[in-house]
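Since the structure comes first, as structure tokens, the remarks are kept for the end.
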Amino acid sequence: MSALDRALTIEDLKRIARRRVPKQFFDYIDSGAYTEGTYRANEDDFRKITFRQRVAVNLENRNLGSTILGQPVSLPIAIAPVGSTGMTDADGEIKAARAAEKFGIPFTLSTMGICSIEDIAENTTKPFWFQLYVMKDRDFIYRLIDRAKAAKCSALVLTMDLQILGQRHKDLRNGLTAPPRFTPKFVAEMMLKPGWAMRMLGTKRHTFRNIAGHVSDAVNLASLTEWTRTQFDLTLNWTDIAWIKKRFGGPVIVKGVLDKDDAQLAIDNGADAIVVSNHGGRQLDGAPSSIRVLPEIVDAVGHKTEVLMDGGIRSGQDLLKALALGAKGALVGRIMAFGLGAGGEAGVARALEIVRKETDTSMALMGERDIRNIGLHNIYSNDLERRQGY
Amino acid sequence: MTTLDNALTIGDLKTRARRRVPKQFFDYSESGSWTEQTFRANESDFADVLFRQRVAVDLRDRNLASTMLGQPVSLPLAVAPAAICGLQIANGEIHAARAAQKFGIPFSLSTMSICSIEQVADAVDAPFWFQVYVMRDKAFMKQLILRARAAGCSALILTMDLQLLGQRHVDIRNGMSAPPRITPAFLFELMRKPAWALGMLGATSRTFANVVGKATDVSDLTSLSSWIAEQFDLALTWKEIGWAKDLFQGPVIVKGILDVDDARQAVAHGADAIVVSNHGGRQLDGAPSSIRVLAEIAEAVGDKVEVLMDGGIRSGQDLLKAIALGARGAFIGRPILYGLGAGGEAGVSRALEIIRRETDTTMALLGERDIRNVGPHNIYSNGLDRRRGH
């Protein structure tokens, strides 16, 4: 039995990934901004929500399938856009996209992916989603949107919560770059993690291929911090949704909404769906967890749009809690990344299978047969303090 | 070295059991499903319930005796139907049944016991209770109920919260099976725990004696999880209560109720008593603790049926809290298993004696002389958040 088969939880996959992935890239995934208070709260707050256990329900013929943005999904999750996924494992985005395709859920490619839009399109058969950061170089952004359209991406995920980068201490201490600099420390890491290094030697995809070769002045692209500081557009605002949507010609999902006023503004400006998100606790440290604000945002706009969420989901039980509190579906980033680090495409598949099994059994123990019926009636109590009237 | 005589708490017996019982069987009892959140909450939530201390009460002539289902008990306590008692120590069910009989409380035999209904009936004089799972093979289930009736069982416990198994990681990692597979790791355990092994050589039964040779279509009975997946009935509904009651011709206790609406349903369908239970935190991880939901269920149906509870009781103080919050009596499973592992019948007797003494002294310090008078007036505060309006 392989280590992957023995992994019973996402936490198990995380442990394996830590052993196999060079420190700077593992740390990049497993970190939040500043004190990591919000990063931790994203996970911890799920534990304050308890389920109603209902019994004596016929549990035959259970259904986990649903739809997100009208697209059928085998489980209401999508792979979140994660930067530098191709540094977690060689060709990481392609591997994750293939696992997602086989599992029957959308994969989202980050603008800051290592593999390009074209790489994913060539190596998969179903449409994926593309996540867009808006940069100062508008001609580049136009081309990026056109490329996503040409690749038949079925949704554009517009990130609104990263015009400037929340400081992640570990990345600075590790001197994170993509591709990595060959310091003595990194060479030592390579000797400890030869599988990663060998696989990385076998691919040509070592830098941000959505960007490299597509911008004229890609100075110091290796340093994410520097690139973000100089290139990301500080003037990004709600009115930008309209022209992006027009140019893309398909549904736009607005990601990074943590406030009900912002949720309303996103919808007023044309969002087809929103993602309740604090960027995995990587931006505004001290912000509430995603699961904590989810119900009030659903109350405010859930009747007008699909509300998705990300942040802190590490199990099928967490997914069920998010759905019960009103999310139409959830994005999972770290679940994918830990699986990928633990075992490439097979690792991502294992991660998704773990979550599916947890969801199926726990849904049954709640006395539900169909995931589309999960709702507030499945919650025993939500011990999270709701926002006070400030 | 803890001996039985200097064991002062259930925790002491647990320590001794851990040293004497092979890891896979000790772990089987000492685990919950998935993150074990509900398993832990069952114990830790008792600490949030505080007693009212009353003084200047004449404390002579105290009484701990009560009745459960009209049957007199020396303490309002019953031995819970724990599976595989007979692998904590050889003939474990018989040891525990004898200790319970001497102590004056009911013993419950699990369908998934090692010793059979008939083997236990032969070894004790007092009637015991029999727990049954609802299975697909209705002929086998009917036969089980009739066997319990023939053995003079005085109540039937119908378990409603296990149509499919909550995943307990530790059992999968340990490769738990009954009888155990003779692996090198298990042989090493036997060398470390020779008394267990010697006892087991003379055991009346080493596998599921209620089931072996009696149920059909069982491909691998040694594996609890595959047996459950193949045999347990997903289509279980409330109607099974009436069906079981008609066959058994005696009182039926419905176990696995954690919700007010389910409690009402159980009563409407003929339950003579209900057990507020989340299966010891072994099924729906994320469900509230039993003690947290007890009061609202007792309020809803306590005037119509006896409300019993299980989950997290490790002391006489815990028992008093359960009774104060509305339970007619409680089941204890793990304290019995620890007692069995620590010293067979004498160990169970010691566990029961510890709980009796704790109950007696603490009841007196509450200013009560009769356990039948313990109620909400003995609670200083119930620090548990009650369900909020979802």
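The values are calculated or read from the model by the stated rules, or taken from the named source; none is laboratory data. On a predicted model such as this, the values are computed, not experimentally measured, just so you know. Note: ideal-geometry Cβ built from the backbone for every residue, glycine included; neighbour counts use all protein chains shown. We work out accessible area using only protein heavy atoms, side chains counted, and drop any ligands, DNA or RNA first. Shrake-Rupley method; radii C 1.70, N 1.55, O 1.52, S 1.80 Å.
Summary table
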read-out	value
Label-point separation, A:His214 to A:Asp240 (7 Å along Cα→Cβ), nm	1.5
Spatially proximal lysines relative to A:Lys102 (Cα-Cα < 30 Å; intrachain offsets below 8 disregarded)	A:Lys14, A:Lys23, A:Lys126, A:Lys149, A:Lys152, A:Lys193, A:Lys204, A:Lys245, A:Lys255, A:Lys321, A:Lys328, A:Lys357
Average beta-carbon neighbours from other chains, 10 Å sphere, peptide A:294-301	0
Debye intensity ratio in log₁₀ form over the Cα atoms of chain A, taken at each q of 0.08, 0.14 Å⁻¹	-0.38, -1.25
Protection proxy ranking, peptides B:96-103, A:373-380, average beta carbon neighbours within 10 Å, highest first	B:96-103, A:373-380
Spacing of the two label points (7 Å from each Cα toward its C-beta) at B:Leu201 and B:Leu8, in nm	3.8
For B:Leu77, residues with placed amide H under 5 Å, excluding near neighbours	B:Ala330
Normalised contact order of chain B, rounded percent, pairs of Cα under 8 Å and 6 or more residues apart	29
Average other protein chain Cβ within 10 Å of Cβ, residues B:279-292	5
Beta bridge orientation in region B:4-388: antiparallel %, DSSP, nearest 5	20
Against the rule of thumb 2.2 N^0.38 Å, how large the Cα Rg of the protein assembly as shown comes out	1.06
Residue (of B:Gly344, B:Leu320, B:Leu236) at the positive-pole extreme of chain B, dipole from beta-carbon charges	B:Gly344
Contact surface B-A: accessible area buried, both sides summed, square angstrom, 1.4 angstrom probe	3300
Inter-part distance where region A:315-389 and region A:249-283 are each reduced to a Cα centre, Å	20
Hz values of 3J(HN,Hα) by residue in region A:163-172 - Karplus curve (6.51, -1.76, 1.60), Gly and Pro given as x	8, 10, 8, x, 6, 10, 4, 4, 5, 5
Pairwise Cα inverse-distance average, inverted: Kirkwood Rh of chain B (Å)	21.0
Relative packing of peptides A:233-240, B:85-92, A:292-299 - highest average C-beta neighbours within 10 Å first	B:85-92, A:292-299, A:233-240
Part-to-part distance (alpha-carbon centres) for region A:59-132 and region B:155-213, which is given in Å	42
Under the span-like rule (Cα at least 27 Å along the axis, Kyte-Doolittle mean at least -1.0), DSSP H helices of chain A	A:334-365
Karplus 3J(HN,Hα) series, Hz, for region B:88-96 with 6.51 cos²θ - 1.76 cosθ + 1.60 (x for Gly, Pro)	6, 7, 4, 6, x, 4, 5, 4, 5
Potential extension, A:Arg229-A:His377 segment - 0.36 nm per residue separation minus Cα distance	48.7 nm
Residue-averaged 222 nm ellipticity for the protein assembly as shown, from DSSP H runs of 4+ at -39500 (n - 2.57), nearest 500	-12500 deg cm²/dmol
Long-range HN-HN contacts of B:Glu306 with modeled amide H, under 5 Å	B:Ile274
Exercise: per-residue mean of other protein chain Cβ atoms within 10 Å, A:372-384	3
Count, lysine Cα pairs under 24 Å in region B:4-388, 8 or more residues apart or across chains	21
Two-site label geometry, B:Ile228 and A:Lys126: point separation in nm, points 7 Å out along Cα→Cβ	3.1
Highest to lowest packing among B:55-63, A:50-58, B:269-277, scored as the average C-beta count within 10 Å	B:269-277, A:50-58, B:55-63
Euclidean distance between Cα centres, region A:201-215 to region B:323-364, Å	66
Heavy-atom accessible area per residue - the protein assembly as shown, 1.4 Å, Å²	37
